[in-house]
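The values are calculated or read from the model by the stated rules, or taken from the named source; none is laboratory data. Note that the structure is a prediction, hence the values are computed from the model and not measured. Cβ: placed from backbone, ideal geometry, glycine included. Neighbour counts: every protein chain shown.
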């Protein structure tokens, strides 16, 4: 295993992405990076309230900028990224992204990760996890939309390693990821 891997943690809200990405970055002594980052992060709430086209373009270009930063950071250290372009694609297709904006496979434009882990969680446990948070967005609770997003993740990105986080501790999930990385 290289000490400069680019690892992406994906999944729907409540699946454990942030917790696992932070824990994994600590265990590997990697940089934790959450998209959108830097300059773009400040404007996220503004774009959350716009049309699906504008919102998609915001996430597309912010992730593209993050991809450039990630390429630079990887020269020094491995990175664990909390969400990447895969989330933008999966969520915006469900939100009604027009076909015109659905360009071919997204990583053509972005730094391709060495590993992509998709975290899945049972809907009832997901709801419990989200209830423990503060400041949730109403869309976090839409089980039908989340099921569609889950299906798109699985259909469009079959190269992802899928890990069911239901009834697992963050340490158990992290251990599963580390085992996969060590075996490949």
Residue check, residue 35 under 19 Å from residue 110 (Cβ atoms) and in contact with a strand residue (DSSP E or B) (Cβ under 7 Å, 6 or more places away or on another chain): yes
Residue list for region 24-39, restricted to those being in contact (Cβ under 8 Å) with a residue 60 or more places away in the chain and surrounded by fewer than 19 Cβ atoms within 10 Å (Cβ to Cβ): 27
What are the residues in region 6-35 that are part of a loop (DSSP other than H, G, I, E, B) and at pLDDT 95 or above, if any? 29, 30, 35
Might you let me know whether region 50-57 holds any residue that is closer than 21 Å to residue 146 by Cα, at pLDDT 95 or above, crowded, with 18+ Cβ neighbours inside 10 Å and under 16 Å from the mean Cα position of the chain (by Cα)? no
Regarding region 36-51, can at least one residue be identified that is closer than 19 Å to residue 161 by Cα and assigned to a helix (DSSP H, G or I)? no
